[in-house]
Amino acid sequence: MSPRLAPVPPDDRMRTDLQRGAEPLNIFRTLAHNPELMHKAMSLGNRFLFKGNRLDPRAREIMILRSARRTGSVYEFGQHTIIGRKTGLSEAEIARLARADAGEWPADEGLLVTVVDELSTTDTLTEGTWERLRAAFDEPTIVEILLLPGFYRMLAGFLNATGVEREADTPGWPE
């Protein structure tokens, strides 16, 4: 399937902290049809990825990969497979996050998978999950945990609807 919105020509303003000196990713080249929104979205994305985030990078990538799976966004899953590997996620762990049943995870990581699954299904949390979240994390971290999958679900909707194509070196779904 070809993209529904063709990526605009590359521009330095489309590069993120991950891409210094690299060609801008197709997601940014497609968002660039609306430069103001592109910059606002990049600002929030950079906040989650680099600046002042409270979750450790591995936990963050578990949540993003699970969100990508739940939304069916192969583009997002592929990009965050690359990032997830850099945070220490194994190929087997990444593959589990791509399955309908993500399997067993250590306590806090399993809780984060549950949070993503519940938010993806009902847009809220059960009382049991909420109680576990309150016991495991402080309030500023809980706010981040609740907003992170929503941000990536929003991006996944954009990616899926516009048909943004993966870059040649971006993996797809695990085998």
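The values are calculated or read from the model by the stated rules, or taken from the named source; none is laboratory data. Please read all numbers here as calculations on a predicted model, not as lab measurements. Cβ sites come from the backbone with ideal geometry, for glycine too, and all protein chains shown count toward neighbours. The area values use the complete protein model at the heavy-atom level, side chains included, leaving out ligands, DNA and RNA. Shrake-Rupley method; radii C 1.70, N 1.55, O 1.52, S 1.80 Å.
Which whole-number value in Å² is the accessible area per residue of the range 18-175, probe 1.4 Å? Don't skip to the end; give the middle numbers.
Values: 7760 Å² over 158 residues.
Accessible area per residue, the range 18-175: 49 Å².
I need the GluC sites (Glu not before Pro) found in the range 86-140, filtered to DSSP loop residues with at most 15 other beta carbons within 10 Å of theirs.
Numbers: sites: 91, 93, 104, 109, 118, 127, 131; in loops: 104.
Here the GluC sites (Glu not before Pro) that fit, given the DSSP loop and packing criteria, are 104.
Using θ = phi - 60° and the Karplus curve 6.51 cos²θ - 1.76 cosθ + 1.60, what whole-Hz ³J(HN,Hα) does each residue of the range 24-35 get, with Gly and Pro shown as x?
Along the range 24-35, the couplings run x, 5, 4, 4, 6, 5, 7, 4, 5, 4, 10, x Hz.
Which three semi-axes in whole Å describe the equivalent ellipsoid of the range 76-140, each the square root of 5 times a Cα gyration tensor eigenvalue, listed largest first?
Value: 23, 14, 11 Å, ordered largest first.
What do you reckon, how do 81, 121 stack up by accessible area (1.4 Å probe), largest on top? Please list the in-between numbers first.
On the way: 81 5, 121 95 Å².
Ranked from most to least accessible, the order is 121, 81.
At 7 Å along Cα-to-Cβ for each site, give me the label-to-label distance between residue 121 and residue 47 in nm.
Distance between label points: 3.0 nm.
Lys and Arg at +1, Asp and Glu at -1: add these up for the other residues within a Cβ distance under 13 Å of residue 159 and post the number.
Numbers: positive: 4, 29, 153, 166; negative: 76, 165, 167.
Within the 13 Å Cβ shell, the charges total +1.
So what's the net charge close to residue 109: Lys and Arg +1, Asp and Glu -1, counting the other residues with Cβ under 12 Å from its Cβ?
Here the charged neighbours net out to -1.
Of the trypsin sites (Lys or Arg not before Pro) in the range 74-170, which ones lie in a loop per DSSP and count no more than 15 other C-beta atoms within 10 Å?
Listed in order of number, the matching sites are 99.
Under 14 Å from the Cβ of residue 172, count the other residues' Cβ atoms, weight Lys and Arg +1, Asp and Glu -1, and hand me the total. Each step should come with its number before you reach the end.
Values: positive: 69, 166; negative: 76, 91, 165, 167, 169, 175.
Net of charged neighbours comes to -4.
According to the square roots a ≥ b ≥ c of the eigenvalues of the Cα gyration tensor, what is the shape class of the chain, taking rounded for a/c under 1.5, prolate for a/b larger than b/c otherwise, and oblate for the remainder?
prolate
How high is the relative contact order of the range 16-175, in percent, counting Cα pairs under 8 Å that sit 6 or more residues apart? Mind dumping the intermediate values first?
Values: 145 pairs, mean separation 56.1, N = 160.
Computed value for the range 16-175: 35 percent relative contact order.
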